Structure formats: structure tokens, C-alpha cells
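Scroll down for the structure; my scribbles are underneath it.
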């Protein structure tokens, strides 16, 4: 089978094809809003610390609501939940656009709307992660996760570049409006799907509280998953906040404007897209643990080099491997975790993943914004990158002890192991 066909094999599933197409359109609008919103906050306040606070406000609700979102995803119809979350996100984007286009926008408006969107994402992200696996089945799960990441990062190239040009020419408000309109694509795809009625996966004896925290128990009892998520938490806290400080780099370090900011974000997106396509072409999970370790190390190295760069073109070049390494670690970790998790717990375990990915990043953004105001953005980013390298090296030393347990867990899920069997395995 040709490599291209192998990389796109998940698109043979009708529902996933509709979902993928709609997501690709919607995510372009989402990335336009991310760039325009960060530039708007910086333009209104001129404060790196406020950038960090907005990042915190937009993502910490994900950590708070993900356990409930994951429990709902394992109990109710995931398709309907996603339709509701996408409609809510569209309404919030329209409100932000209206406030900005009428020149009534204030920083506190952005905080409130960012926090509300974060709450919506607390339900959307674990449900969407579980729904992707549900649409394609076990054999194409890894490829579907990689293609979903490719859509995310393809939009990450186009969205910021378009946003940079629009912000520089007609202002941030139209980026928010375009984002609101883009949700029509994903909603149309969702409504066109043919989805079988969902079966509840909760055990009759489970209480609501037990159901909500089932994902935490599963992670705590399985060292390979715990190790992957611990490294992800470290990198999210210490490394990922570099993107929140990007307007500071664009303005104070590289002396460019909103258009330049869009190009910087797009360069990282290009690297991430390449990583997603590389992962999409990989037929099995074998060797992904090594990819996680190496990508964590390379992410830190290139991030340190970026922090020392004072040349716009050099910074663009360095952001490509930064985006590549970041996405390779994140998507490889996601794929490995999903390969080791039983279907009955998928929503709840992916809620833990979402809490770490979306919860540690805002805490890191808060700390990074505070540190950048006092020590400067370059020093803040370089320090975080050095800690990421150290964490990845520690993870690499544990790999030989984790490989056998990973194989047992993956085999167990391939043969239909139940949550009770998995929890009782002692792995």
C-alpha cells in the first residue's frame, strides 16, 4: 500500500471523514482567534503578565471541568455532547466579535469569555478524544489520532498567518467573527453523521463520584501511563508557555508587528503538522516511548536556541523544530495512552490527559508571565526549556523498565481486556 494511502487510511470511515473536514475548517478560525486575542490583550494592556493571566483564565477551567466531562463522555452520547459544546463555543466567539467590532471590548471581557470557553472545552476535549477512537475502531485509532493532530496543526499554519494580516489591516474583531462562522463547518459535519445509539459504560454499582474519578485510579495504578503524563505535565508547565509570551518576543525582542506574530505562530504550526504526518504514517505504537523521550529533549534544546535569537528569520527557522518536537511528544503520548486504555474508561482517562495538558499549561503561563515581567521573556523561556530537557532525560532512563508493561497493557486492550481486569493486573 502506498505511504500516502496508509497515512490517510482513517478517512475511509464516513463519520471520521465528515468530522475531520469540519474540524479542519473550524480549527483555522480557532487559531485566528488565539492569535488575535493575544495581540488584543497585549495592545490593550502592554503587559506580559496579563498575557499569562488570560492564558490561565482560558485553560484552568479545562482542568476543573474535565473529570465531569470525561464521566459524561463515558455515560452519554458523545456525538450529542460535542454538538452542544461546539454551539456554545460559536456563541462565545460571536459575543467576543460583537464587543470588539463595536469598540466596547475591555480586558475583563476577554478574561470572562476566555474562562467560559475553557469551561466548554472541559467537556469538549475529553469527549472529542474518546469520540475519535469510537469513529474508526481499534485498527485505525493511532492513524485517526495523528490525522486529528494534523488537522489541528494544518490550521495552526493557516490561521495565525491569516490572523496576522487581518489584525494588521482591519483589526481583531473580524478574526473573532470568522471564527464564529467557521463553527458551521464542524456542526454541519456532525449533523450529517450516522451515529449508532451510545451504550452506557458505567457499572451499576458505581457512584457518580467513583465514576468521575475512575480515570485517576486507572492512571495511578499503571506506571507507563503515569510516567507519560508526568513528563507531559512538566513540559506543559515549563515549556509550552513560550507561546503565550510570543507577542512579547514579536514586539520587544524581534521588533515586528501582528503580521510577524502570525508568521511566528505559523512556523511552529508547520513543524507540528510535519510531526503529525510522520506519526500518521507509523503503522504501530512500537518505538513511540523513545520518540517521546527524544522529542522532549529536542524541544528543550531548540527552545533555548530560540530564546537567544534576536533575528526574525532565524527565529522562524527555529520554531519549526520546536513545533515538530512539541507535537511529536504530545501526539505520541496521546497515542500510547489511548492504546493502553479500555474503551469503558477512555473518556475518563482522556479527561486526566486533558487536565494535565490544559491544566498545567495555564499554571505555567501564569508563572511565565510573572517571571517575564521581572527577568525578561528570553530568560524565562530558556529556564523552562532546560527543565524540560532534564525531565525528558529522566523519562529516558526509565524506558527500559516500562516497555514490558506497555506491551502487556496494549495486548490486553487489543484482546478486549475489561477495566476490572486492567485495574487488577498490578501493572
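With respect to residue 276, is the statement that it is without any contact (Cβ under 8 Å) to a residue 40 or more places away in the chain and within 24 Å of residue 155 (Cβ to Cβ) true? No; evaluated as a whole, the condition is false for this residue.
Would you be able to say whether some residue in segment 257-265 is in contact (Cβ under 8 Å) with a residue 40 or more places away in the chain, in a helix (DSSP H, G or I) and under 25 Å from residue 225 (Cα atoms)? No, segment 257-265 has no match at all.
Just one of the listed residues (111, 123, 131) is modelled with pLDDT under 90, touching a helix residue (DSSP H, G or I) at 6+ places or on another chain (Cβ under 9 Å), assigned to a helix (DSSP H, G or I) and surrounded by fewer than 20 Cβ atoms within 10 Å (Cβ to Cβ), and it is 111.
Here's the yes/no breakdown for (1) free of Cβ contacts under 8 Å to residues at least 40 places away in the same chain; (2) surrounded by 24 or more Cβ atoms within 10 Å (Cβ to Cβ); (3) within 21 Å of the chain's Cα centre (by Cα):
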site	(1), (2), (3)
21	no, no, yes
30	no, no, yes
44	no, no, no
55	no, yes, yes
71	no, yes, yes
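Take the residues in segment 84-108 that are under 19 Å from residue 362 (Cβ atoms) and in contact (Cβ under 8 Å) with a residue 60 or more places away in the chain, then tell me which one is surrounded by the most Cβ atoms within 10 Å (Cβ to Cβ). Among those residues, the one meeting the criterion is 96. The combined condition, being surrounded by fewer than 21 Cβ atoms within 10 Å (Cβ to Cβ) and either modelled with pLDDT under 85 or on the phi > 0 side of the Ramachandran plot (or both), is fulfilled by residue 165. Screening 289, 262, 269, 281 for residues that are at pLDDT below 85 and surrounded by fewer than 23 Cβ atoms within 10 Å (Cβ to Cβ) leaves exactly one candidate, 281. For segment 310-333, the condition holds for at least one residue, the condition being that it is without any contact (Cβ under 8 Å) to a residue 12 or more places away in the chain and in contact with a helix residue (DSSP H, G or I) (Cβ under 9 Å, 6 or more places away or on another chain).
Annotation note: of 294, 303, 345, the sole residue that is closer than 25 Å to residue 54 by Cβ and either part of a helix (DSSP H, G or I) or free of Cβ contacts under 8 Å to residues at least 24 places away in the same chain (or both) is 303.
Please indicate, with yes or no, whether at least one residue in segment 204-216 is in a loop (DSSP other than H, G, I, E, B), modelled with pLDDT of 65 or more and more than 30 Å from residue 263 (Cα to Cα). Within segment 204-216, one or more residues are in a loop (DSSP other than H, G, I, E, B), modelled with pLDDT of 65 or more and more than 30 Å from residue 263 (Cα to Cα).
A single entry from 322, 304 fulfils the requirement of being surrounded by fewer than 22 Cβ atoms within 10 Å (Cβ to Cβ) and more than 17 Å from residue 140 (Cβ to Cβ): 304. Scanning segment 361-376 for residues that are part of a helix (DSSP H, G or I) and surrounded by fewer than 24 Cβ atoms within 10 Å (Cβ to Cβ) gives 363, 366, 367, 370, 371, 373, 374, 375.
When we screen 396, 392, 422 for residues that are at pLDDT 85 or above, within 20 Å of residue 227 (Cβ to Cβ), surrounded by 17 or more Cβ atoms within 10 Å (Cβ to Cβ) and more than 21 Å from the chain's Cα centre (by Cα), the only hit is 396. Within segment 213-228, being surrounded by fewer than 22 Cβ atoms within 10 Å (Cβ to Cβ), under 12 Å from residue 356 (Cα atoms) and touching a residue at least 12 places away in the same chain (Cβ under 8 Å) holds for one residue alone: 216. On inspection, residue 11 fails the criterion of being modelled with pLDDT under 80, in a helix (DSSP H, G or I) and under 22 Å from residue 369 (Cα atoms).
The values are calculated or read from the model by the stated rules, or taken from the named source; none is laboratory data. Since we're looking at a predicted model, the values are computed, not measured. For neighbour counting, all protein chains shown are included, and Cβ atoms are generated from backbone atoms with ideal geometry for every residue, glycine included.
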